[in-house]
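J.: Next up is a structure, given as structure tokens.
Read the figures in this text as sums done on the coordinates, not as results from a lab. On a predicted model such as this, the values are computed, not experimentally measured, just so you know. Glycine gets a Cβ as well: all are built from the backbone with ideal geometry, and neighbour counts include every protein chain shown.
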Amino acid sequence: MKEKEKEPRNLILKVRMNSTEKNQLKKLQQSSTEKTISNYVRKVALQKPVILTYRNQSADDFLKDMLDLRKQLNGVGNNFNQAVHKLHTLDRIPEFRHWIQEQHALHKQVVQSIETIRLRMNQLYEQWLQK
């Protein structure tokens with residue numbers, strides 16, 4: 001059985017309101033699971049159910065910080081891997097061989113530390129999602 005194809009929403013409905021009313025509408029939308037005011041208004045106008053959520057601001061802030069830290073950590077790991085890869089091109093020069101070997105050992109330690117931190121951050125993130 002074919003799924004019903006979605007009809008494109010190409011009609012525009014304009015509603016006039018003052019800034020106070022718009023702010024109230026925005027607060028109502030933010031207290032729901034709807035990502036946009038348009039989706040929220042569409043559901044309310046068509047009398048479809050709107051799921052309201054309880055938002056814990058401190059948990060939201062924590063999750064945002066954790067996601068930012070994870071991005072930064074991944075960036076550090078990627079930059080370090082690129083630097084080590086470039087150093088391996090210098091392996092043919094005898095003066096750099098010893099230094100490269102030391103950096104390779106350091107690279108392994110850093111990668112292990114980054115992976116440990118990343119795994120712990122993922123565990124904390126999953127715990128916060130369950131709350």
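J.: Quick one: net charge around Ser19, please, counting Lys, Arg +1 and Asp, Glu -1 for every other residue with C-beta under 14 Å from its C-beta.
T.: So the surrounding residues net to +3.
J.: For each pair in Lys6/Lys26; Lys22/Lys64; Lys26/Lys71; Lys14/Lys43; Lys26/Lys48, compute the distance between the two Cα atoms and list the pairs where it is over 20 Å.
T.: Lys6/Lys26; Lys22/Lys64; Lys26/Lys71
J.: Could you give the DSSP H helices of the chain that reach 15 angstrom or more along their long axis (alpha carbon positions) and whose average Kyte-Doolittle hydropathy is no lower than -1.0?
T.: For the chain, where a helix must reach 15 Å along its axis and average at least -1.0, the hits are 57-88, 94-130.
J.: Please give the FRET efficiency for Gln127 paired with His104, using the beta carbon to beta carbon distance and R0 = 41 Å, rounded to the nearest 0.05. Please list the in-between numbers first.
T.: Working: r = 35 Å, r/R0 = 0.86.
Once the sixth-power term is evaluated, E becomes 0.70.
J.: Determine the dipole magnitude for the chain: charges of +1 sit on the beta-carbon of Lys and Arg, -1 on that of Asp and Glu, nothing else is charged, the reference point is the Cα centre, and the result goes in debye to the nearest 20.
T.: 860
J.: According to the Cα gyration tensor, what semi-axes, each the square root of 5 times an eigenvalue, does the equivalent ellipsoid of the range 57-131 have, listed from largest to smallest in whole Å?
T.: That gives 36, 11, 6 Å for the three semi-axes.
J.: Taking the chain as a Gaussian network, where each spring joins two C-alpha atoms under 10 Å apart, which residue of Phe96, Phe62, Phe80 fluctuates the most?
T.: It is Phe96.
J.: Put a dot 7 Å past each Cα toward the Cβ at Leu119 and Val15; how far apart are the dots in nm?
T.: 5.1
J.: Just the number, please: Stokes-Einstein D of the chain in µm²/s, Kirkwood Rh from C-alpha pairs, 10 °C, 1.306 mPa s.
T.: Details: Rh = 20.2 Å.
It comes out at roughly 78 µm²/s.
J.: Right, next: Between Leu69 and Thr89, what length comes free when the chain is fully extended (0.36 nm per residue of separation minus the Cα-Cα distance, one decimal in nm)?
T.: Details: separation 20, 0.36 × 20 = 7.20 nm, distance 3.09 nm.
Length difference between fully extended and current span is 4.1 nm.
J.: A further question follows. Could you point to the residue in Leu28, Ala45, Tyr125 farthest towards the positive end of the chain's charge dipole, with +1 and -1 charges on the Cβ of Lys/Arg and Asp/Glu respectively?
T.: It is Ala45.
J.: Taking 0.36 nm per intervening residue step and subtracting the Cα-Cα distance, what contour gain separates Thr33 from Asn81 on full extension?
T.: Full extension from Thr33 to Asn81 adds 13.3 nm.
J.: Also, I was wondering about something else. Compare Asn79, Asn18, Asn39 in a GNM of the chain, Cα atoms joined below 10 Å, and give the one with the largest fluctuation.
T.: Asn18
J.: Let me ask something additional. In a GNM of the chain with a 10 Å cut-off on Cα contacts, which of Glu102, Glu115, Glu34 has the highest mean-square fluctuation?
T.: With Cα springs under 10 Å in the chain, the top fluctuation among Glu102, Glu115, Glu34 is at Glu102.
J.: Using amide H atoms built 1.01 Å from N in the peptide plane, name the residues 5+ places from Ser32, or on other chains, whose amide H lies under 5 Å from its own.
T.: Amide H to amide H, under 5 Å and 5 or more residues apart or across chains, Ser32 pairs with Thr53.
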